[in-house]
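Asker: Let me begin by handing over the structure; questions about it come next.
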Amino acid sequence: MLWEHGVAGSNPATPTLSMNNIFKIFFLSLFIIQCSSDVSVEDILTNNNSNNNGEFNGGGNQTIPELSVELISTYNNQTASFATPFGGFNRSFIVHTPPNFNYATESLPLLFVLHGYTGRASLIRQYSGFDQIADQERFIVVYVQGTTDIFGNTGWNVDVVPSFNNVDDVGFFQALIKYFTTTYNVDSAKIFSSGMSFGGFMSYRLACELNEINSIGSVTGSMAGYYQCNPPKKTSVIHFHGMEDAIVPYNGAEWSYSAEAAHSFWKNHNQCNSQTETTIPDFNGDGQYVRHLVSSNCEANKNVELYSLEGEGHTWLSKEWGHDINASELLWQFFQKQE
């Protein structure tokens, strides 16, 4: 179960169960069921395990004071996994660079891709297909692994599941950004974050706190309802959400903004003056459509976009799987247009 401290007059060492936590337990059980189902789907995909063939040709071996990064395994000369201690936790991430990348002569954009609750960096690497897009469009993609809580579940500190509240995820990403700008020569003006479900929540939190993040994207995630977002600057946001999502409801919950409320928050924050909505053609022929809401003419040339998908639930979106759109392709098309 999920426990929460801080009830007035209680012993801080004694766990207390509130109505708010009862709701979170119900949410957690749904989330675990759904994510377990997602993992079974993901596991049937091609498993690109480390084979230690080739030499990774990414950035140099130098580290920064905040991180002591160690190479764990090499998948091929474009992909490797790394680990580092940070904030009392052992953190890890997978790095993929485009072909013939030379960090000494080429400065590239950086994209973080974040898994959902109970997920793994290796799995979102498989099903998102960002390696292939990075190869074609030339950017560096980093699949970051969340921490594991006392219940054995992986996730992020996004003020939804209390067992992650002692994890400094924001500080870790800030250190990662410094590491990659130093070691891989990434373009500091083109640092993006995207994620599935809880990874989407975490991407929103990064937009709320880090000046270094240019733009973020979320697939089936949202903004946490208990969290006060005070963005340090204008930030572009793209959001994809199934209207039948039973895990992170499209219309929101006590612990989560609705998809449209999250869009409105960033539209207002970016002071957008124009708004259009179009319907995307029914690619799969099921009679259900995708609404594309765009808020534009914003300050600092930012954009805010929302894809609302009729009949869709809690899933990554790909035409190969029978959906009307490819989320990964649209995410990168959105990011590469941002200044």
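Bear in mind that the values in this text are calculations on the coordinates, not laboratory data. Quick caveat, the model's predicted, so the values are computed rather than measured. Because the Cβ atoms are built from the backbone with ideal geometry, glycine has one as well, and the counts that use them run over all protein chains shown.
Asker: Being out of contact with any Pro (no Cβ under 9 Å at 6 or more places or on another chain), surrounded by fewer than 23 Cβ atoms within 10 Å (Cβ to Cβ) and farther than 17 Å from Val167 by Cβ is the filter here; which residues of the stretch 107-124 pass it?
Answerer: Filtering the stretch 107-124 for residues out of contact with any Pro (no Cβ under 9 Å at 6 or more places or on another chain) gives 107, 109-124.
After this cut, where a residue has to be surrounded by fewer than 23 Cβ atoms within 10 Å (Cβ to Cβ) as well, the list is 107, 109, 120-123.
Listed by number, the residues that qualify are Ser107, Pro109, Ser122, Leu123.
Asker: All but one of (1) surrounded by fewer than 24 Cβ atoms within 10 Å (Cβ to Cβ); (2) touching a strand residue (DSSP E or B) at 6+ places or on another chain (Cβ under 8 Å) hold for Gly217; state the number of the condition that does not hold.
Answerer: Condition (1) is where Gly217 drops out.
Asker: Could you check the stretch 137-150 and list, in sequence order, the residues that are without any contact (Cβ under 8 Å) to a residue 24 or more places away in the chain and over 17 Å from the mean Cα position of the chain (by Cα)? Steps first, answer last, please.
Answerer: Here is the first cut: in the stretch 137-150, the ones without any contact (Cβ under 8 Å) to a residue 24 or more places away in the chain are 148-150.
Passing the criteria: Asp149, Ile150.
Asker: Test of understanding: among Val290, Val237, which residue is buried (at least 18 other Cβ atoms within 10 Å of the Cβ) and closer than 17 Å to Gly195 by Cα? Show your work before the answer.
Answerer: Working: Val290 fails: closer than 17 Å to Gly195 by Cα.
Only one candidate passes the filter, namely Val237.
Asker: Is one or more of the residues making up the stretch 273-283 within 22 Å of the chain's Cα centre (by Cα) and either of a type in the set (A, V, I, L, M) or surrounded by fewer than 19 Cβ atoms within 10 Å (Cβ to Cβ) (or both)? Walk me through how you get there before you give the answer.
Answerer: Start the filter on the stretch 273-283 by keeping residues that are within 22 Å of the chain's Cα centre (by Cα), which leaves none.
The answer is no; no qualifying residue exists.
Asker: Within the stretch 150-190, which residues are buried (at least 18 other Cβ atoms within 10 Å of the Cβ) and among the acidic types (Asp, Glu)?
Answerer: Scanning the stretch 150-190 gives a single hit, Asp169.
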